[in-house]
Amino acid sequence: MNYLILSRLNESYSTRRLVQEIQARNHHPLVESPEGFTLHTMVDLVIPRLGSFRYHESMKELRAFSEKFPQIPILNSPKAFHQARHKKMALEILKGLPQPKIYRTAPDFPVVIKDCLASQGQGVFLCHTQAELELCLSKLPDRNLLFQEFIQECSGHDVRAFVVGAKVVGAIERFSADPKQEFRSNLSLGGHARNTQLTDQEKQFVLSAVQRLELDYAGVDFLRSKRGALLLEVNPSPGFEGLEKCTGLNIAGEIISHSEVLFQNSQKNIFFES
């Protein structure tokens, strides 16, 4: 198989690990920038790893590829990727699953503000007063923002579950380096992690989120609160360095194994349709 990985960061841990696992199975990886990549049929399967930089341009190219070559599987599809990546859109689709309150009018303080297309904890702010909120909004002009309830007892602590296909392949608890100063627990912001096991209820919770968003794989972030599990967001292009190093699991291998099944199923569909 010929794989096309769309990644601006060729040397990022997750991209390198995907390349290693593709090669370990005697497949052929090609890594190209997400915007302006070559449209050709020599590719058997595409794995987009899109960040916030030039996101709309990258998504435009991915949609064009999907429309021109509908027979080539994309892990995750453009539609699924975008509806998960857009935090507000995703949570609207996932109504019914427990999640922090979303404010559409004047929020209760403190309130968490999120840039709907930001990643790795960037574009996420905590405001305690109206003055802080107005200052924050002045720094985020023309952004699509999400206003979300702040769960005090979970400050600086959340869970990242990793789902591939219909299986939860691993999970970690994430902790900020200093919960008194930093409410975000992203490892990219200096946090640390430890292995954790999900309950059966939590497994069903994260699987439901991924399935409803029609994703092939994803990272699901949630809080273990006094009210039970509360969904924060679903990441369609999750990094997995922390998860692999913390748990010893082969997450990249799980993704590539699932992609092989996806490719085989696409070939069966082409056969039956012809």
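Among the residues of the stretch 129-137, is there at least one that is over 20 Å from the mean Cα position of the chain (by Cα) and farther than 16 Å from Tyr103 by Cβ? Among the residues of the stretch 129-137, at least one is over 20 Å from the mean Cα position of the chain (by Cα) and farther than 16 Å from Tyr103 by Cβ, which makes the answer yes. Any residue that is more than 23 Å from Pro238 (Cα to Cα), of a type outside the set (Val, Ile, Thr) and either touching a helix residue (DSSP H, G or I) at 6+ places or on another chain (Cβ under 7 Å) or touching a residue at least 24 places away in the same chain (Cβ under 8 Å) (or both) - is there at least one of those in the stretch 75-96? No, the conditions are met nowhere in the stretch 75-96. Residues in the stretch 116-135 that are touching a helix residue (DSSP H, G or I) at 6+ places or on another chain (Cβ under 8 Å) and without any contact (Cβ under 8 Å) to a residue 60 or more places away in the chain: Cys116, Phe125, Cys127. Applying the condition of being closer than 11 Å to Arg8 by Cα and among the basic types (Lys, Arg) to the stretch 38-62 and asking which residue is surrounded by the most Cβ atoms within 10 Å (Cβ to Cβ) yields Arg49.
A quick yes/no check of all residues on (1) surrounded by fewer than 18 Cβ atoms within 10 Å (Cβ to Cβ); (2) under 18 Å from Pro238 (Cα atoms); (3) at pLDDT 95 or above:
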site: Gln148; (1), (2), (3): no, no, yes
site: Ala171; (1), (2), (3): no, yes, yes
site: Ala177; (1), (2), (3): yes, no, no
site: Phe183; (1), (2), (3): no, no, no
site: Ser188; (1), (2), (3): yes, yes, no
site: Gly191; (1), (2), (3): no, yes, no
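The values are calculated or read from the model by the stated rules, or taken from the named source; none is laboratory data. Quick caveat: nothing in here was measured; it's all calculated off a predicted structure. All Cβ positions, glycine included, derive from the backbone under ideal geometry; neighbour counts span all protein chains shown.
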